[in-house]
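Only one structure is covered here, and it is reproduced in the block below.
The values are calculated or read from the model by the stated rules, or taken from the named source; none is laboratory data. Because the structure is a prediction, the values reported are computed rather than measured. Here Cβ is always computed from backbone atoms with ideal geometry, including for glycine, and neighbour counts include all displayed protein chains. Only protein heavy atoms, including side chains, enter the accessible area calculation; ligands, DNA and RNA are left aside. Shrake-Rupley method; radii C 1.70, N 1.55, O 1.52, S 1.80 Å.
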Amino acid sequence: MNEPQDPILVALYARVSSERQDVDISVSAQLRVLSDYARKNGYAVAREYVDEAEGGRVPARPESRRTIEEAGCTDTPFLHIGPERQLFLDDLLIESLGGLEIVMQRPVKPDAPGGDRAVGKREWPAYIGNSLHYDEEDGLFKAWYDTPRGVAYATSQDGVHWEKPSLGIREYEGSTDNNLISPGRNFSVIKDARDDDPSKRYKAMYWHSLRGSNAPWGGKGHFVAYSPDGGHWTPDERNPVIDFRNGLTDGQFVLGWDSDHDKYVAYMRPNTYFFDPDRRTSAWIASDDFVNWGPPVLAVEPEETDEVEIEYYRMTVAKYEGVYFGFIWVYHNDVVEFADQSRDSILAASRNGISWSKPFGSETFLPTGEPGDWDSRVIDGERRAYGVGVAKLRRDGFAPVRPKSGEGALTTEPLTFLGTTLHLNVESSRGRVEVEVLDQRGEPVEGYSRADCVPISTDSTDHTVKWSGDRDLVHATDTPADIGGETRAFRSRLRKPVRLRFNLKDASLYSFWVD
């Protein structure tokens with residue numbers, strides 16, 4: 001399956017070239033011709049440079065020089081954003097925050113005591129829920145989870161109420177009337193739509209050992225297996241594909257095929273006996289074929305200022321709206337015996353999946369429950385906390401921007417985009433948001449000032465911003481004959497890089513995007 005290709009960004013340059021400009025092609029006509037050519041040939045116009053003059057004999061061509069200078073810059077003078085929702089996990093798009101702050105928003109657990117723990121209520125409990133996916137093709141949530149008897153499989157219509165089918169695959173106490181599917185543990189599953197082999201539609205990596213093996217370390221290592229349906233699995237004959245001598249231990253999470261790197265990507269836990277630092281961390285690793293994996297690259301580790309008993313047991317990762325989100329499992333060890341362990345999680349973010357930041361430091365993202373709750377602790381030893389629960393977060397709700405007190409403004413870096421409509425995910429039902437568009441000098445573009453913006457007082461995950469005259473961010477049509485002079489002027493102004501300034505009063509902004 002071919003991955004969609006990003007358009008090639010180009011810039012247009014036009015100038016007055018004749019004393020008879022009323023007869024020869026005008027600047028606006030030049031730009032239309034060039035834009036049509038770009039669109040038909042798969043180019044995306046990111047910027048226009050225009051030298052205005054009374055005639056063609058004017059020697060000064062400042063925009064021409066600027067075109068050449070900026071084309072030769074290694075750093076782009078603007079950022080191009082696609083149609084993805086733009087979140088605030090880092091300051092990539094932010095030029096300034098005046099009177100605002102970025103705060104972490106935690107998921108909310110259901111009010112019902114214990115939530116729903118259906119995945120752990122069969123004959124055996126679930127003690128690690130390593131893979132849970134929503135399968136759009138089948139319209140089901142699917143979970144692969146560890147039990148004391150091996151790996152089990154369950155499905156759900158809503159992610160709360162789970163069915164554990166009798167699969168007839170693995171025998172336990174003389175019966176195959178169970179939902180067990182495989183030996184091993186930490187079963188990390190992906191659904192691989194790009195593989196043409198239907199028997200390998202699902203792929204899994206898990207930690208296991210070859211019984212009775214004379215291999216070093218008892219044949220321990222990372223195994224892979226394949227399945228046509230997620231329930232019936234065939235191990236790869238080359239297992240273990242990563243043996244224990246490579247220095248990686250259990251605690252793996254497979255992200256899947258990552259189009260940013262054109263490789264399968266997983267996050268592993270290096271063995272503390274083989275690598276520095278000498279406590280648990282998480283590393284990035286990649287493969288072309290899901291069998292031959294390259295060397296690990298350290299992704300996240302505890303801070304030097306963290307207490308010695310803090311370790312990162314595992315990091316599960318999801319790509320969302322062009323950003324990699326990491327959910328780090330933080331172990332709080334017993335400082336004496338390291339036998340009594342509780343676990344919560346913190347949030348990490350990355351633009352490339354390899355270099356990570358922790359936007360809110362060691363602040364807990366998903367805390368454990370109150371004393372006595374089913375999820376109050378995770379304990380290694382004779383007792384364990386069993387079950388899989390549910391917590392909910394507003395869409396894009398990881399890191400909203402809000403006023404420290406009353407009101408403030410966020411101004412973006414210079415941006416270019418291909419869309420025509422600005423959308424917000426915003427909660428301003430008790431306040432308001434007004435958006436203005438600024439040119440490269442920081443001045444409001446005519447018709448797109450704060451006063452021109454229709455005030456936004458709503459709670460919506462998708463609100464369209466409008467300016468006076470029911471104008472969108474770029475108010476234009478692709479048919480030249482239908483473009484009036486005023487509309488063409490607005491499109492010409494907004495095709496250049498612009499800054500967006502979001503003025504917030506008693507409001508929270510979760511994301512914005514242009515499509």
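Sorting the segments 165-171, 297-303, 243-249 by their residues' average number of neighbouring beta-carbon atoms within 10 angstrom, most packed first, yields 243-249, 297-303, 165-171. Phi angles of the stretch 351-362 translate, via the Karplus equation with coefficients 6.51, -1.76, 1.60 and θ = phi - 60°, into HN-Hα couplings of 9, 10, x, 10, 8, 10, 10, 10, x, 10, x, 9 Hz per residue; Gly and Pro are given as x. Computed from label points 7 Å out along Cα-Cβ, the spacing between residue 421 and residue 289 is 4.7 nm.
Put 144, 293, 257 in order of accessible area, highest first, and with a 1.4 Å probe you get 257, 293, 144.
Surface exposure of the stretch 151-307, expressed per residue as accessible area with a 1.4 Å probe, stands at 47 Å².
Longer than 27 Å from Cα to Cα, which of 109/263; 263/358; 200/392; 319/358; 200/358 are they? Say none if no pair is. Those over the limit are 109/263; 200/392; 200/358. What shape does the stretch 153-273 have by the C-alpha gyration tensor, where a ≥ b ≥ c are the square roots of the eigenvalues, rounded means a/c under 1.5, and otherwise prolate means a/b greater than b/c and oblate the rest? Taking the square roots of the gyration eigenvalues as a ≥ b ≥ c, the stretch 153-273 is oblate. Computed from the Cβ-Cβ distance with R0 of 30 Å, the FRET efficiency linking residue 391 to residue 177 stands at 0.40. The calculated FRET efficiency for the pair residue 161 and residue 430, based on their C-beta separation and a Förster distance of 41 Å, comes to about 0.70. Placing pseudo-labels 7 Å out from each Cα toward the beta carbon at residue 459 and residue 106 gives an inter-label distance of 2.0 nm. Within the accessible area of the stretch 400-471, the carbon and sulfur atoms contribute 41%, probe 1.4 Å, all protein chains present. Against the empirical 2.2 N^0.38 Å (N residues), the stretch 245-332 has a Cα radius of gyration ratio of 1.09.
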